[in-house]
Amino acid sequence: MTDTRSGPADAHLVDLAVPAGRRAATGADAACTGAVLRRLLRDVLPPDARVLAAGPHAPDVIALVARHAAHTTVLVGEPEQARELAAVYPAGVDVRVGAVGGAAEHVPFDAVLALDGLDHVPGLDGQEPWIHRLHLLIAYATGAPQQGLPAGRRGPDGDRPPPPDGAVPDSAEAAGAVMPRVKPVLVVGCLNAFSLVGLLDARPPGQRPVVRGAPRAARDGAAPPGSPAALAAALDAAGVLPGTLYAAFGPDGMPHTLLDTALTVDADGFAARAAIRGMEAAARDLPLVSPIGGAAAAAADAGLLAALPERWLAVSGARGRPLYTRGGGDLAVAAEPEPDGWRLTPVADPPAPGRAVPDPGPSPLGASAAAVPERVPEGETVERLLRRQAATGDVTAVRVLAAELGAWLRAYHVDRPDALVCLDDLVPDGPDLVPGVLGRVWGEPVGSGEVLAAAWHRWHERLAAAGGEHPWPPWMSADDLVAVWLDAAGEPPAPEILAQGRRIAAALREAEGPPTAPADLRTALAAAASAGEHTAQLSAHIAGLTRTLQLRDEQLRVREERIRAQRAELRRIRGSRSFRLVRLLQRPRELARALARRLHLR
């Protein structure tokens, strides 16, 4: 076995994103990371424990584990991979090259992590079945307790002899004597081949960054489990203590929301909104077969959210919170259900010790745990209420709700003058309104009218991106609509208030990503069909206009010929003697003079 010690470099707690179609520098595809995952690990990892991370893990995760653990070992399968990881992991982390099951005697660890699933866990054979890898991995969390290394086995300088080739390192020996352990912690990830984002992804399989599980049943143990029930059954068959099985929603490798699959989720409630936000974040830059929002909402209505995440995380030996989700900025929020809502515990994700906090830039937009309430009620958001009222053309109901929103915000602004309001994160609670988990704040002095203008601007952007309808004239601009809604809320729609609200909404859009997504295939096909129908209607209209113009042209030609004939007849009449005589008879004086001249000449 090769022993590769990590260098002195410190680990920086940042969210690592693996670009689509590429492999991470550590060799792991879409290494699982993020503030939400780190929040879960803080809750489930025992303090001063011996931790084994099987397979490559993200540097920020290993840095967190190393700060809480007495000793951390990372097991990888390739020397080059180990050297790359050792360069980015914090000092004191053992990076070893080996395979699970390679030791003659299993050395127990207090916690075993395989966050990216068992496909990246080095086994004795590259084609090792998934269930076999699981049994080999669990052996390190359930092995017989060992005592400290006997003195006779230590070298003259006090160092331990190298472990046999292909064996897992005896991290317990490096940490000192091992005390008996009762309930080890096991955290295992499992990719979902039936994820909603994967099903709606319109890219060919060769262009997807992660090769998902084979489309065959897992009953032979060769493929990973394909459902929460199958994963729970596999863990139970392997002797793993019952724990919590989380559905991980969000960009693959960076969970936005972790939801306990045992929870009964209200389709219009807080947990469903958090899961749908995670799916929308995962699908934000992907070409889709159909819109993710409608499919996710239908899954929530059917109670199938737990079967459709990007991956699952099984936690045994410790119990975390039932729900973890991402707030605004660097906030990670843990939530626990109550009879009438959810109890929230927001935590700002701290930077790595010894590293300077990155400059947030000139934008005054931020996030604060103080702006997140202690509890949030169940129920649909103000945005959803407004969309339904606008779609039905109920202008009176919209104005009533806008007036209630304005009255509440003016009172709320007195206590939280820096807090922003997002209508998709605002829930009615009887006569009151309660903000959600975003916790957005503005670092400059801002009035209630500007905060409300930003909320209306953001609502209009999201409504337009979703293709929603409203009863106001289509020629009204965004500023005109926001001015109407501000006036209904009791705020003066002054130009400077509208401009500042537009600026705040733009900062929110830049921080969270635009609400628009690449056109999905179903929408594109519907748009193409609609464009075809419109083209056919225009072609028929053009043909009708062409026929009308041809008839009109023929009428003009006939009229022109008649005019020419009449002009020729008029010229002939004017040149005749009769016409001249008639003209002369119409002028008596000229006729008299003409007769006088003739008589005089005679």
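The values are calculated or read from the model by the stated rules, or taken from the named source; none is laboratory data. The structure displayed is predicted, hence computed values, not measured ones. No Cβ is skipped: glycine too gets one built from the backbone with ideal geometry, and neighbour counts run over all protein chains shown. Protein only, heavy atoms only, side chains kept; ligands, DNA and RNA dropped before computing areas. Shrake-Rupley method; radii C 1.70, N 1.55, O 1.52, S 1.80 Å.
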Residue check for PRO224: more than 17 Å from ALA114 (Cβ to Cβ), open to solvent by less than 40 Å² (accessible area, probe 1.4 Å), over 20 Å from the mean Cα position of the chain (by Cα) and at pLDDT 80 or above
no
What number goes with the only condition from (1) closer than 17 Å to TRP342 by Cβ; (2) surrounded by fewer than 21 Cβ atoms within 10 Å (Cβ to Cβ); (3) charged (D, E, K, R); (4) out of contact with any Ser or Thr (no Cβ under 6 Å at 6 or more places or on another chain) that ARG388 does not pass?
(1)
Residue set ALA307, ALA299, ALA318, ALA314; condition more than 22 Å from LEU191 (Cβ to Cβ) and not hydroxyl-bearing (Ser, Thr, Tyr); output residue ALA318
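Condition check ((1) without any contact (Cβ under 8 Å) to a residue 60 or more places away in the chain; (2) out of contact with any Pro (no Cβ under 9 Å at 6 or more places or on another chain); (3) open to solvent by less than 50 Å² (accessible area, probe 1.4 Å)) across all residues:
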site: GLY449; (1), (2), (3): yes, no, yes
site: TRP456; (1), (2), (3): yes, yes, yes
site: MET476; (1), (2), (3): yes, yes, yes
site: LEU498; (1), (2), (3): yes, yes, yes
site: ASP520; (1), (2), (3): no, no, yes
site: LEU551; (1), (2), (3): yes, yes, no
Within the range 553-572, track down each residue that is open to solvent by 70 Å² or more (accessible area, probe 1.4 Å) and among the hydrophobic types (A, V, I, L, M, F, W, C).
LEU556, LEU570
Given the criterion crowded, with 24+ Cβ neighbours inside 10 Å and either closer than 25 Å to VAL61 by Cβ or not basic (Lys, Arg) (or both), identify the matching residue among LEU241, LEU259, LEU263.
LEU259
Residue by residue through the range 446-470, note down the ones that are over 13 Å from LEU508 (Cα atoms), modelled with pLDDT of 90 or more and of a type outside the set (A, V, I, L, M, F, W, C).
GLY447, SER448, GLY449, GLU450, HIS460
Among (1) part of a loop (DSSP other than H, G, I, E, B); (2) out of contact with any Leu (no Cβ under 9 Å at 6 or more places or on another chain) - the single one VAL446 does not satisfy:
(2)
Identify the single condition in (1) part of a strand (DSSP E or B); (2) within 26 Å of LEU420 (Cβ to Cβ); (3) in contact (Cβ under 8 Å) with a residue 24 or more places away in the chain that LEU313 does not satisfy, given that it satisfies every other one.
(2)
Just one of ASP418, ASP394 is in contact with a Phe, Trp or Tyr (Cβ under 6 Å, 6 or more places away or on another chain), over 17 Å from GLY490 (Cβ atoms) and either open to solvent by 40 Å² or more (accessible area, probe 1.4 Å) or among the aromatic types (Phe, Trp, Tyr) (or both); which is it?
ASP418
Look at the range 278-304 and say how many of its residues are of a type outside the set (Gly, Ala, Ser) and in contact with a strand residue (DSSP E or B) (Cβ under 7 Å, 6 or more places away or on another chain).
3
